[in-house]
Each structure stands twice: as C-alpha cells, then as structure tokens.
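Q: Below: one structure in structure tokens.
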Amino acid sequence: MTLTVLNPATEEPLAELEQADVEQTDAAVERARTAFPAWRDVAPADRARLLRRLATLVEEHAEELARIESQNVGKPIAGARGEVGMVAQVFHFYAGAVDKHHGETIPVAGGVDMTFREPLGVVGLIVPWNFPLNIASWKLGPALACGNTVVLKPAELTPLSALRLGELVLEAGIPEGVVNVLVGPGAVVGRRLVEHPHVAKIGFTGSTEVGRRVMEGAAGTIKRVTLELGGKSANVVFADADLGRAAAAAPYAVFDNAGQDCCARSRILVERSVYDEFLGYLVEATRRVRVGDPADEATEMGPLISAAHRETVASFVEGEPHFRGDVPSGAGFWYPATLVEATNDDRVAREEVFGPVAAVIPFEDEADAVRIANDTPYGLSGSIWTRDGARALRVARALDTGVLSINSNSSVRVTTPFGGFKQSGFGRELGMHALSAYSEVKNVFYSTD
Ligand code: NAD
C-alpha cells in the first residue's frame, strides 16, 4: 500500500511512502512493549537529559522541520517556524517536569500511606493533519516524561515531520523502541492501536466523529483515552470593547492555518448596537490577510489541505457571502477568506467548517451572548472582548468551554492546560495537567504496627 504525500500549494508529490498494515502495527506495539521496562526504570535525571537533548535537536533542525511542515501542510513558513519553536519548548518543559510530577503521603492511622505516579505502558498517539508536529509533541512530551513507550501515528496526509522527528528521537539517544512512528490509514493502523490489548492508552486528536469511534473501540479493553476533538468556538464582541482591536485580531482567529484549526473562533458574535460598525472594520481587516505561496515570508494564509476538503468547505457557503477574499490562480487547493452573516441555527454556525469561513452573528445583550455561545455541541475555545472586567469574568465563568481568552485570541501555551468541554473531548494537554493523562495513581499503605 503506497501513499503519495502531496504539497497542497502545488499539488505536486513530496514523497511516496509504504503504509503499515495490522501486522506491522502489532510489531511496533511489541517493540514498544519490549522497550518499556528499561525506559520506565531510567533514572529521572537521565530521562530529563534525553528529553532536553531532543528539544535541542529540534532547535538545531528548526528550519528544516519548519520547511517540511510548511510544504506538507501548506502552512505559511513564518507560522511553521513558530510551531517548531513551540515543539522545542514542549520538550524542554517536560524534561523539567520529569522529577516534579510525584506522589504524596497521606495521613492515615496505623502506618504510612503513599501514592506513586506509575507510567501506563505502551501508549498509542494518533494525531491529525493540521498541526502535525505540534500536536505530536504535546502528547510525546508528557508520555515520555512519565516513562511510557509510544507508537505515534501521524495523519496520512501529513506524515513527513513525524518521520523526521522519529529520527531525531534516536539521535538524541532515546533508546530504540521507545518511540515508534507508523505511517498508515486511520481505519487500519489507528483502529488496531485502539483495539490492541497491549496498548494501555490512546491519546487522540482529530474529529469528533472519529473520536466517537476511538471511544467505542477502546471500550473492549477498558483502554484509557484522551480526546481532543472539534470545535465551533465563539468570539464574543461586546459594544464596550475596543472594536478596532477586536476586529483587527478576529481574522487571524479564524483564517490562521486557513481555518483548519480546532480553536478557530468561527462564530463571531457581535452586540447588535455596534454590529454594522464592527462588520465594517472586520471586512477591512479580512481584506488585509495576505494569501499566497506558503514559502513566502509575508504570507499569512495558505491553501487548504486537499481538493476533497475544499469541496466540503465550499458546501458551507450558500449564496453570496458578505465578503470573499482573493486567492492565487493555478495549482493548489485554495479557498478565499470568507465572511458570512448568519444566525446560530444555520449550518455554517452549527458545524465545524475547518476552513476560512467565519459566521458573523448579532446578539442583544450579555445573557443572549452567553446563550448563543453555549448553543453548540462543542466547547473548545473562545474569546471575550469587553472593557468591563467584571463582565469579562462573569461571561468567562458562564461559557461551557475549556480554553478562553479575554481581549485576546490566544489558545495555546506550553505551560497551561488545553482541552475541551462537551463534544470537544476530555482530558487536558500541555502544562503539568497533561502528566495526569499519561500516568496512573498507585496507592500503597505501609503498616507500622
Ligand atoms: P480525523 O479525525 O479524520 O483523523 C485524525 C487521526 O485519526 C488521523 O491520524 C487518522 O488517520 C486517524 N483515524 C481515522 N480513522 C480512525 C479510526 N477508525 N481509528 C483510529 N484512528 C483513526 O481528523 P483530521 O481530519 O485529521 O483533523 C481535523 C480534526 O481534528 C478537526 O475536527 C479538528 O477540530 C480536530 N482537531 C482537534 C484539536 C484539539 O486539540 N481539540 C486539534 C487539532 C485538530
């Protein structure tokens, strides 16, 4: 089964790869299983040193990794560099966390009670195509820090950066078998990892639809799962906000990575009294988004990942949108930055488009804003723009979402927990929180009688 990997900006092939089948998946799990006892028993300071070495190698190969990611995903090179920078920071952070994630002693009668944080064993990491290296690192960092061994399955469309990272893992001195990168179809390799009796946990990032299947498949072996799934996040703009600043930032909260971002604030909720004024600013800001060759340093938005995905994205825009930007002509899976005026009941406001299409929706007052923002099966991220501090915190507490920012659209930081409410999944990545998802608490009572 050969896989042709494309550059979505040129539609030209970047690589031909052999895909793994069920037998090869089983062999990779066995390698990880064999490597587990020795890796679990590596002294914490040595495991930290190996992770730090990996972080340094990522820094030394940053330009190469950014170019691979930019070419394979079609993401602008400047953004790809930022993502690779985060990958290095993630490994540095979890190198530092190895000896800071530990058990406790609990007062009990008749002895000493203590807890240990034990690794799970072999963990399967399944990642999507939109932020391939970044999301792989969010899982690899805590998994390795806790002493697990890993089978990592990148998405079929974008496996190249994970394969290169696998080589750097070995170069860092992390023993053979600790990290196994397997390229192959989700329905074959992914599914086998989910059902495999010797895989203790699945760390999954992808669509809510496949996440549901992962949960079902994991039930057979009561496998641990963490699910980072889709989103339909709200960018809530109150009349008392700095409208110019909110409007200038809003396009990047939807059109970054060509809208192929689980955190995309793809529902822009605007208080009716400033709706027309804000929409005017928003159109101007969207017009300024620079779309083009991902290799160009100035480019802010590249193409979509595939022709099939472009068709799906296009199906969300019915009739003439409020605004549609320009795209390059010729090869490449381009789709323009698009603003659609909508109600929260329209399909464009209910489903994850995963493309550069924003639904702009008016609201009446604070209660209405909260009602609309929460009226979705998802709950991943979101923003609140207001100059009223009390309102900002009131609304932040009222929104059913895992990650929020006030007067900002930032979602992801190395040191802070990231993850969803509702059908955006469960479990947290990044920060110290992620370590709980890759370890099991063991309680031991030692009698002193
Ligand atoms: P996807 O669900 O189609 O695929 C994700 C991964 O799952 C891929 O590696 C795929 O091969 C694998 N897979 C497919 N079928 C499988 C099966 N039956 N069993 C096991 N694995 C299987 O998602 P995608 O299209 O690659 O990525 C886009 C989706 O990911 C969007 O919904 C987006 O919101 C979501 N996403 C979420 C986050 C987050 O952190 N919450 C981050 C990025 C992307």
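Q: Has the range 110-126 got any residue that is in contact with a Cys (Cβ under 9 Å, 6 or more places away or on another chain), modelled with pLDDT of 95 or more, in the same structural domain as residue 162 (by TED's automatic domain parsing) and within 12 Å of the ligand (Cβ to nearest atom)?
A: So far as the range 110-126 goes, no, none of its residues is in contact with a Cys (Cβ under 9 Å, 6 or more places away or on another chain), modelled with pLDDT of 95 or more, in the same structural domain as residue 162 (by TED's automatic domain parsing) and within 12 Å of the ligand (Cβ to nearest atom).
Q: Quickly run through the range 221-252 and pick out the residues that are away from the ligand (no atom under 16 Å from the Cβ) and among the small types (Gly, Ala, Ser).
A: 239, 241, 244, 246, 247, 248, 249, 250
Q: When you look at residue 137, is it within 14 Å of the ligand (Cβ to nearest atom), among the polar types (S, T, N, Q), closer than 24 Å to residue 40 by Cα and buried (at least 24 other Cβ atoms within 10 Å of the Cβ), yes or no? Quick ask: steps written out before the conclusion?
A: Working: within 14 Å of the ligand (Cβ to nearest atom): yes; among the polar types (S, T, N, Q): yes; closer than 24 Å to residue 40 by Cα: yes; buried (at least 24 other Cβ atoms within 10 Å of the Cβ): yes.
Yes.
Q: Please enumerate the residues belonging to the range 196-220 that are surrounded by fewer than 17 Cβ atoms within 10 Å (Cβ to Cβ) and near the ligand (Cβ under 10 Å from one of its atoms).
A: Residues satisfying the conditions are 207, 209, 212, 216.
Q: Restricting attention to the range 311-338, report how many residues are within 15 Å of residue 10 (Cβ to Cβ) and within 16 Å of the ligand (Cβ to nearest atom).
A: 1
Q: Within the range 153-166, can you find the residues that are more than 10 Å from the ligand (Cβ to nearest atom) and either charged (D, E, K, R) or closer than 23 Å to residue 217 by Cα (or both)?
A: Selection gives 164 alone.
Q: For the range 40-72, name all the residues that are more than 25 Å from residue 415 (Cβ to Cβ) and touching a Leu at 6+ places or on another chain (Cβ under 9 Å).
A: 68, 71, 72
Q: I would also like to ask the following. Just checking, which of 112, 108, 90 is among the β-branched types (Val, Ile, Thr) and either assigned to a helix (DSSP H, G or I) or surrounded by 24 or more Cβ atoms within 10 Å (Cβ to Cβ) (or both)? So that I can check it myself, show each step before the final result.
A: Details: 112 fails: either assigned to a helix (DSSP H, G or I) or surrounded by 24 or more Cβ atoms within 10 Å (Cβ to Cβ) (or both); 108 fails: either assigned to a helix (DSSP H, G or I) or surrounded by 24 or more Cβ atoms within 10 Å (Cβ to Cβ) (or both).
90 is the lone residue from the list that is among the β-branched types (Val, Ile, Thr) and either assigned to a helix (DSSP H, G or I) or surrounded by 24 or more Cβ atoms within 10 Å (Cβ to Cβ) (or both).
Q: Something else: With respect to residue 389, determine if the residue is free of Cβ contacts under 8 Å to residues at least 12 places away in the same chain, on the phi > 0 side of the Ramachandran plot and more than 16 Å from the ligand (Cβ to nearest atom). Working first, answer last.
A: Details: free of Cβ contacts under 8 Å to residues at least 12 places away in the same chain: yes; on the phi > 0 side of the Ramachandran plot: no; more than 16 Å from the ligand (Cβ to nearest atom): yes.
Judged against the criteria, residue 389 is not a match.
Q: What tally of residues in the range 314-351 results from selecting those that are assigned to a loop (DSSP other than H, G, I, E, B) and closer than 23 Å to residue 271 by Cα?
A: First, pick out the residues of the range 314-351 that are assigned to a loop (DSSP other than H, G, I, E, B): 315-322, 325-337, 342-346, 351.
Now drop any that are not closer than 23 Å to residue 271 by Cα, which leaves 321-322, 337, 342-346, 351.
Looking only at that region, the number is 9.
Q: Looking for whichever is more than 27 Å from the chain's Cα centre (by Cα) and surrounded by 18 or more Cβ atoms within 10 Å (Cβ to Cβ) here; the options are 45, 20, 27, 35. Which one fits? Spell out the reasoning first.
A: Values: 45 fails: surrounded by 18 or more Cβ atoms within 10 Å (Cβ to Cβ); 20 fails: more than 27 Å from the chain's Cα centre (by Cα); 27 fails: surrounded by 18 or more Cβ atoms within 10 Å (Cβ to Cβ).
Being more than 27 Å from the chain's Cα centre (by Cα) and surrounded by 18 or more Cβ atoms within 10 Å (Cβ to Cβ) holds for just one of 45, 20, 27, 35, which is 35.
Q: Take residue 363 and decide whether it is modelled with pLDDT of 95 or more and either more than 18 Å from residue 263 (Cα to Cα) or β-branched (Val, Ile, Thr) (or both).
A: Values: modelled with pLDDT of 95 or more: yes; either more than 18 Å from residue 263 (Cα to Cα) or β-branched (Val, Ile, Thr) (or both): yes.
For residue 363, the condition - modelled with pLDDT of 95 or more and either more than 18 Å from residue 263 (Cα to Cα) or β-branched (Val, Ile, Thr) (or both) - is met.
Q: Note down all Cβ pairs under 6 Å where the first residue falls in the range 157-184 and is over 26 Å from residue 13 (Cα atoms), the second is among the basic types (Lys, Arg) and in a strand (DSSP E or B), and they're at least six residues apart or on different chains.
A: From residues that are over 26 Å from residue 13 (Cα atoms), there are no pairs.
Q: Now for a different question. Looking at (1) under 22 Å from the mean Cα position of the chain (by Cα); (2) surrounded by 20 or more Cβ atoms within 10 Å (Cβ to Cβ), which one does residue 338 not meet, given that it meets all the others?
A: (1)
Each row is one residue, and each column tells you yes or no for (1) surrounded by 16 or more Cβ atoms within 10 Å (Cβ to Cβ); (2) of a type in the set (D, E, K, R).
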position: 379; (1), (2): yes, no
position: 382; (1), (2): yes, no
position: 387; (1), (2): no, yes
position: 392; (1), (2): yes, no
position: 405; (1), (2): yes, no
position: 410; (1), (2): no, no
position: 414; (1), (2): yes, no
position: 420; (1), (2): yes, no
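Q: Of all residues in the range 396-449 being under 16 Å from residue 143 (Cβ atoms) and in a strand (DSSP E or B), which is farthest from the chain's Cα centre (by Cα)?
A: So, considering only residues that are under 16 Å from residue 143 (Cβ atoms) and in a strand (DSSP E or B), the one farthest from the chain's Cα centre (by Cα) is 440.
Q: Taking into account only those residues within the range 215-249 that are of a type in the set (S, T, N, Q) and under 19 Å from the mean Cα position of the chain (by Cα), which is nearest to residue 406 (Cα to Cα)? Even if it seems obvious, please write down each step before you answer.
A: Applying the first criterion (of a type in the set (S, T, N, Q)) to the range 215-249 yields 221, 226, 233, 235.
Those left that are additionally under 19 Å from the mean Cα position of the chain (by Cα): 226, 233, 235.
Details: 226: 27, 233: 14, 235: 10 Å.
Ranking the qualifying residues of the range 215-249, first place goes to 235.
Q: Among the candidates 295, 249, 308, single out the residue that is among the small types (Gly, Ala, Ser) and in a loop (DSSP other than H, G, I, E, B).
A: On the way: 249 fails: in a loop (DSSP other than H, G, I, E, B); 308 fails: in a loop (DSSP other than H, G, I, E, B).
The conditions single out 295.
Condition check ((1) surrounded by fewer than 24 Cβ atoms within 10 Å (Cβ to Cβ); (2) in a strand (DSSP E or B); (3) more than 9 Å from the ligand (Cβ to nearest atom)) across all residues:
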{"site": "168", "(1), (2), (3)": "yes, no, yes"}
{"site": "173", "(1), (2), (3)": "yes, no, yes"}
{"site": "184", "(1), (2), (3)": "no, no, no"}
{"site": "188", "(1), (2), (3)": "yes, no, no"}
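The values are calculated or read from the model by the stated rules, or taken from the named source; none is laboratory data. Nothing here was measured: the structure is a model prediction, and the numbers come from that model. Virtual Cβ from ideal backbone geometry, glycine too; neighbours counted across all protein chains shown.
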